[in-house]
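Working notes, structure below.
Since every read-out is calculated from the coordinates, none of them should be taken as a lab result. Just so it is clear, the structure is predicted and the values come from calculations on it, not from any experiment. Neighbour counts run over all protein chains shown; Cβ positions are idealised from the backbone, glycine included.
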Amino acid sequence: MKLLPPSFRGRAVHDEDAAHQASLVSGPFRARPRSLLAPADTEDLVHLVRWAGAEGLPLVPRGGGTGMPGGNLGGPLVVAMTEGFGAIQVASDGESVRAGAGAVAAAVDAAVRARGRRLPFLPASAPWATMGGIAANNSAGAGSFLHGAAAGWITGLAGVDATGTPFRTGSLGPEEGWLPERLRSLPAALALEALSRDPAGIPTGWPRVRKNSSGYALDRFLPSGDPFTLLVGSEGTLALLTEVEVRTARVPETRRVLLLGAPNPEAVVAGALGAAELGASACELLGRRFLEISGLVNRSPIDRLARNAFALLLLEVEGTRKEVEARLDAAEGLARQLDGGYLRADTEEQAESLWKLRRAASPIIAREAGRGLISTQFIEDSVVPVSELGGYLVELDRILARAHLDAVVFAHAGDGNIHVNPLVDVGSSDWKARVRRVLDEVVTLVAELGGTLAGEHGDGRLRAPFLSRIWGPELAGAFAEVKEWVDPANLLNPGVVVPLPGQDPLEGFEPRPRAHPPDHP
């Protein structure tokens with residue numbers, strides 16, 4: 001059955017073709033919508049949203065398909081925010097850029113680099129991810145350790161709300177539309193003022209972590225009252241984004257890398273905390289199993305670090321040459337304290353060769369999948385306080401061992417953001433029961449450590465059912481009130497961030513060898 005509004009001018013596919021295209025995502029989920037529609041422009045999107053609202057047909061937005069936890073697929077209608085929203089406009093001074101929601105992040109970064117600027121928060125998926133998706137998920141990457149996630153760089157948004165009304169807010173003014181006014185009335189209308197807050201205005205009970213893309217950003221919105229701050233990270237549940245404006249940063253004069261051996265979990269914590277003190281721009285972790293199956297334990301000169309390491313830490317420093325040399329010297333002092341050895345990259349070429357080790361995660365996982373194991377990213381984005389990182393890694397190993405699951409672990413260690421990719425034989429009769437048990441135990445562990453399940457990928461449909469367990473009933477209730485106030489018909493991406501009654505986190509969970517993006521290494 002084709003679902004198509006009258007006078008729709010964009011691209012439309014239906015039935016099996018829609019199911020195939022909608023399921024081209026990086027995560028382990030599939031969907032079977034009846035139609036996938038790519039609006040031609042904002043006017044086309046307005047008509048689509050109004051028609052869908054009148055017909056009672058929920059809309060699921062998607063960008064480049066790089067999202068992991070199922071927030072970008074569903075049914076019956078998927079809206080591809082790509083083909084009609086690809087414009088890129090760099091400010092004359094290069095200090096900001098406006099990009100359509102469908103503009104590929106790497107292309108936007110390239111446009112500003114031509115002016116000696118950059119987007120330092122971009123995730124590793126930037127060659128495929130769209131700017132709308134990055135804003136919708138409050139995405140982050142390795143550089144976010146120093147520079148923060150996307151939310152700190154986004155200054156304005158435009159889009160279409162659940163009533164089918166276009167809006168502009170923040171630096172994309174003059175501000176207009178129904179949604180900004182509606183959002184500003186949230187505290188009084190929903191009694192959110194009753195939420196106790198600390199002196200900075202952040203709600204009590206908010207996870208004290210360096211990075212978070214779970215829930216709605218009341219920690220940013222309540223102190224500022226700026227509507228766009230609440231839309232960033234809302235995963236298409238409050239509005240469909242059409243345009244994003246972001247600040248840019250100067251390209252640093254130089255960068256260098258130090259690879260450190262961490263002999264135990266305590267050294268991982270000390271290394272991550274020390275990296276923050278010395279002003280490192282990135283602090284990445286390569287877990288023990290990563291080192292083993294990648295062959296790094298037998299590859300000179302890495303093997304002398306990897307052979308007896310619990311993990312390796314990759315520290316990057318950037319700035320002027322004088323600043324970089326001083327930070328590298330400080331990083332060497334940190335490495336000596338950890339007593340696990342280190343390898344210093346003194347040229348750009350050497351630094352890039354060490355970064356290739358970190359980027360080897362996906363090829364390693366793909367290779368294991370070729371041996372009958374499939375990466376099942378269902379616990380891949382948790383964040384814990386950095387001081388709890390070592391304990392989290394140790395208990396995680398115990399949880400996986402009890403379930404007889406192998407896993408590749410790599411992380412943004414400086415942020416306490418851990419990417420876990422269990423390798424599962426989906427041909428076994430009890431694989432899904434073991435996955436469900438591990439998921440439940442990891443949720444409990446993260447909650448006990450005061451963390452969050454999503455650092456940079458959002459809640460999606462996978463993590464939304466655990467909202468109350470992580471956030472507590474008061475904050476989870478506030479999130480539900482936000483959604484109800486802005487989208488009472490639950491038209492936009494239902495079941496994401498705020499769960500539906502009885503929602504199963506593993507609905508549509510069908511792991512298979514990674515095939516999207518098609519040119520992923």
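Table for the structure above
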| item | result |
| --- | --- |
| Ranked packing of 231-238, 117-124, most packed first, by mean Cβ within 10 Å | 231-238, 117-124 |
| Theoretical gain in end-to-end length, residue 277 to residue 91 [0.36 nm per residue, Cα-Cα removed] | 63.6 nm |
| FRET efficiency for residue 387 and residue 433, using Cβ-Cβ distance with R0 set to 30 Å, rounded to 0.05 | 0.35 |
| Charge context of residue 119, other residues only, Cβ under 14 angstrom, K/R +1, D/E -1 | +4 |
| Note, ³J(HN,Hα) from phi for region 168-177, Karplus 6.51, -1.76, 1.60, rounded to Hz, x at Gly and Pro | 9, 8, x, 6, 8, x, x, 4, 8, x |
| Phi to ³J(HN,Hα) by Karplus 6.51 cos²θ - 1.76 cosθ + 1.60 over region 459-464, Hz, x for Gly, Pro | 6, x, 8, 6, 9, 4 |
| Tally of Lys pairs whose C-alpha atoms are under 29 Å apart, taken over the chain, 8 or more apart or cross-chain | 4 |
| Protection proxy ranking, peptides 70-81, 467-478, average beta carbon neighbours within 10 Å, highest first | 70-81, 467-478 |
| Amide proton proximity set for residue 239, modelled H, under 5 Å, gap of 5+ | none |
| ³J(HN,Hα) computed for each position of region 217-222 - Karplus, 6.51 cos²θ - 1.76 cosθ + 1.60, integer Hz, glycine/proline x | 7, 5, 5, 8, 6, 4 |
| Label point distance in nm, residue 350-residue 325, each placed 7 Å from Cα along Cα→Cβ | 1.4 |
| Under 5 Å, built H, 5+ apart or other chain: amide partners of residue 31 | 23 |
| Computed over region 406-521, Cα set: Rg, Dmax in Å | 16.0, 45 |
| Average silhouette area of region 243-352, convex hull of alpha-carbon atoms, in square nanometres | 8.4 |
| Bins of 5 Å from zero: percent of alpha-carbon pairs in region 88-250 | 2, 9, 18, 22, 19, 15, 10, 4, 1, 0 |
| Over 16 Å [Cα-Cα, region 11-80], rounded percent | 43 |
| Calculated Rg and Dmax of region 1-128 using C-alpha coordinates, Å | 16.2, 50 |
| Normalised convex hull volume, the chain, alpha-carbon set, Å³ per residue | 141 |
| Residues whose placed amide H lies under 5 Å from that of residue 138, excluding near-sequence neighbours | 233 |
| Rg/Rh ratio calculated on Cα atoms of region 369-458 (Kirkwood radius) | 0.97 |
| For the chain, calculated [θ]222 nm from helices alone, where every DSSP H run of n ≥ 4 adds -39500 (n - 2.57) | -10000 deg cm²/dmol |
| Sorted by Cβ density within 10 Å, fewest first, the residues 196, 23 | 196, 23 |
